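Peer 1: Sharing a structure with you now.
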C-alpha cells in the first residue's frame, strides 16, 4: 500500500506554514494491513486528529470497514470540531474505495482493476 498527497501549491499560504498534507498520519498514511489514504482539510484540526491514521486505527483495532471508519472520522471527529471543508480518498487492502468529504465539493477520481472508474466534483 502507498499513499501520496499534493498540496494546492503556494498561493494563499502563509509563509513558513506547514499544513496537514505533508504530515504522515494527518493528510497522508498507508498501512499494508488496512488502508492507504490521501486527504486534506482544515490543517490544524487534521493534524490534531491525525485523520488519516485514525481511519486505519479504527479498521485495525475496532474491525470497522473502510466506509465505516472513514465516515466515523470525517463526520464524528472532524465535523464536530467545526472542521468542515475537507475530505479523504482511501483504498483498503482489498481494493475497496471510499471518498468521504464534508464540504460542498471535492475533486476526486478513482479506478479499479475490474474496470470500474469515476470522476466527480460535487456530491
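The values are calculated or read from the model by the stated rules, or taken from the named source; none is laboratory data. Values in this document were obtained by computation on a predicted structure and should not be read as measured data. Because the Cβ atoms are built from the backbone with ideal geometry, glycine has one as well, and the counts that use them run over all protein chains shown.
Peer 1: Is at least one residue of the range 75-83 within 13 Å of residue 39 (Cβ to Cβ), modelled with pLDDT of 85 or more and in contact with a helix residue (DSSP H, G or I) (Cβ under 8 Å, 6 or more places away or on another chain)?
Peer 2: For the range 75-83, residues within 13 Å of residue 39 (Cβ to Cβ), modelled with pLDDT of 85 or more and in contact with a helix residue (DSSP H, G or I) (Cβ under 8 Å, 6 or more places away or on another chain): present.
Peer 1: Still on this structure: Residue check, residue 34 against (1) under 13 Å from the mean Cα position of the chain (by Cα); (2) crowded, with 21+ Cβ neighbours inside 10 Å; (3) within 17 Å of residue 2 (Cα to Cα), all met but one. Which one?
Peer 2: Among (1) under 13 Å from the mean Cα position of the chain (by Cα); (2) crowded, with 21+ Cβ neighbours inside 10 Å; (3) within 17 Å of residue 2 (Cα to Cα), the lone unmet condition for residue 34 is (1).
Peer 1: Picking from 69, 57, which residue would you name as being under 23 Å from residue 22 (Cβ atoms) and buried (at least 23 other Cβ atoms within 10 Å of the Cβ)?
Peer 2: On the way: 57 fails: buried (at least 23 other Cβ atoms within 10 Å of the Cβ).
Matching residue, one of 69, 57: 69.
Peer 1: A follow-up question, please. Strands (runs of 3 or more DSSP E) wholly in the range 55-113 with at least 2 residues that are in contact (Cβ under 8 Å) with a residue 40 or more places away in the chain - which ones?
Peer 2: Of the strands (runs of 3 or more DSSP E) lying wholly inside the range 55-113, those with at least 2 residues that are in contact (Cβ under 8 Å) with a residue 40 or more places away in the chain span 87-92.
Peer 1: Now, a different point. Just name the residue that is nearest to residue 95 (Cα to Cα) out of those in the range 1-31 that are over 12 Å from the mean Cα position of the chain (by Cα), modelled with pLDDT of 85 or more and surrounded by fewer than 19 Cβ atoms within 10 Å (Cβ to Cβ).
Peer 2: Restricting to residues being over 12 Å from the mean Cα position of the chain (by Cα), modelled with pLDDT of 85 or more and surrounded by fewer than 19 Cβ atoms within 10 Å (Cβ to Cβ), the top hit is 1.
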